[in-house]
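K.L.:
Dropping a structure here in structure tokens format, bear with me for questions.
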Amino acid sequence: MAEELANQCSKLRLHDQENEFVDVGEVEDDVSEERIALMLVGRLITDRNYNLDAFKRTMTQAWSLARRVVIRVIGAKLFVFQFFHWKDREKVLEGRPWCFENNLLALSEVAGNEQPSDVMPMHSPFWVRLENLPFNRRSDNIVKTITTSMGELLEIENDDLGLDKYRRVKLNLDISKPLRRFVNMRDNDGRVLRIDLKYERMPFFCLMCGVMGHSERDCLNLPEEEQNQGLGWNLRLRATPRKGRHKLMEEVEEVKACRKILFISKPEAKSENKEGEGAGLI
Ligand SMILES: [Zn+2]
């Protein structure tokens, strides 16, 4: 009887201890802050199995960092990357998107106050090309308007002369959503134009629903009756690597090197302008 009572008392004491709070708010932890500032969390967007050693080897080689990186698994296809120099971490963030065996590795920065398994990268930057833009609808403002609903605009590539085959923007895309294939643009005169989209370094995605990380054979995103309606997406969304860009840029730089460039249009075309006055100025 006495032994039973003692057992009960010890359980009660344990229960009391579990209800207590350990206050760490005032405890100094400078080393952790520095470490966290050099950390990233990554999620491999795939429903397939993968080889962890091959993943670590491939990412380390692809990143080619000045210092080491330590990679630890913290959940299902979820990793923490510990860098040791801020330039290495910046290099990895700047170089996104990264893929392993054609599967996207989505990366998130870490605030520090979240639990590791709760950090779930859901966005990734991609360079997107906007094709078939009319010559008079290529300004940065038009491009910003067209891409507003697609994701946060991170960067817009210069096209000073408006002569490139496409405008190129870096967007932070929600990777849980289907890839957008085109944007319908309504012109001043009510004409609807279709602007085709292409994605650079696009990983594996489902041709049935347009979402990354699974194949059409394993697609659970569409109801069965819609699955027989054919493939809605195709590999034309993948942009081919750019060639000859350097030469084109040199040409633009030569034009820009002139002190003052005017576009001089014929007086009839712009009757309100006097001859010699330009429509645009670089
Ligand atoms: Zn799918």
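K.L.:
Quick test of your reading of the structure: W127 fulfils all but one of (1) open to solvent by 80 Å² or more (accessible area, probe 1.4 Å); (2) at pLDDT 95 or above; (3) in the same structural domain as G151 (by TED's automatic domain parsing). Name the failing condition by number.
P.N.:
(1)
K.L.:
What are the residues in the range 93-113 that are more than 19 Å from P178 (Cβ to Cβ) and open to solvent by less than 60 Å² (accessible area, probe 1.4 Å), if any?
P.N.:
Once the filter is applied, which keeps residues that are more than 19 Å from P178 (Cβ to Cβ) and open to solvent by less than 60 Å² (accessible area, probe 1.4 Å), the range 93-113 yields L93, G95, R96, W98, F100, L105, L107, S108, V110, G112.
K.L.:
Please verify whether the range 194-204 includes one or more residues that are farther than 30 Å from T46 by Cα and modelled with pLDDT of 90 or more.
P.N.:
Among the residues of the range 194-204, at least one is farther than 30 Å from T46 by Cα and modelled with pLDDT of 90 or more, which makes the answer yes.
K.L.:
Before we move on, is D164 open to solvent by 30 Å² or more (accessible area, probe 1.4 Å), modelled with pLDDT of 90 or more, in the same structural domain as L231 (by TED's automatic domain parsing) and farther than 29 Å from S215 by Cβ?
P.N.:
Taking the combined requirement at face value, the residue does not satisfy it.
K.L.:
Of everything in the range 130-151, what is β-branched (V, I, T) and either open to solvent by 70 Å² or more (accessible area, probe 1.4 Å) or out of contact with any strand residue (DSSP E or B) (no Cβ under 6 Å at 6 or more places or on another chain) (or both)? Give them in sequence order.
P.N.:
Within the range 130-151, I142, T145, T148 meet the criteria.
K.L.:
So how many residues does the range 212-226 have that are over 21 Å from N49 (Cα atoms) and either assigned by TED's automatic domain parsing to the domain that holds D47 or within 9 Å of the ligand (Cβ to nearest atom) (or both)?
P.N.:
1
K.L.:
Scan the range 174-211 for residues that are part of a strand (DSSP E or B), within 16 Å of the ligand (Cβ to nearest atom) and surrounded by 16 or more Cβ atoms within 10 Å (Cβ to Cβ) and jot them down.
P.N.:
F205
K.L.:
Would you point out which residue out of N136, N141 is of a type outside the set (V, I, T), part of a helix (DSSP H, G or I), farther than 19 Å from F204 by Cβ and free of Cβ contacts under 8 Å to residues at least 60 places away in the same chain?
P.N.:
The conditions single out N141.
The values are calculated or read from the model by the stated rules, or taken from the named source; none is laboratory data. Just so it is clear, the model here is predicted, and its values are computed rather than measured. As a convention, Cβ positions derive from the backbone with ideal geometry for all residues, glycine included, and neighbour counts pool all protein chains shown. Areas reflect the complete protein model, heavy atoms only, side chains present, ligands, DNA and RNA absent. Shrake-Rupley method; radii C 1.70, N 1.55, O 1.52, S 1.80 Å.
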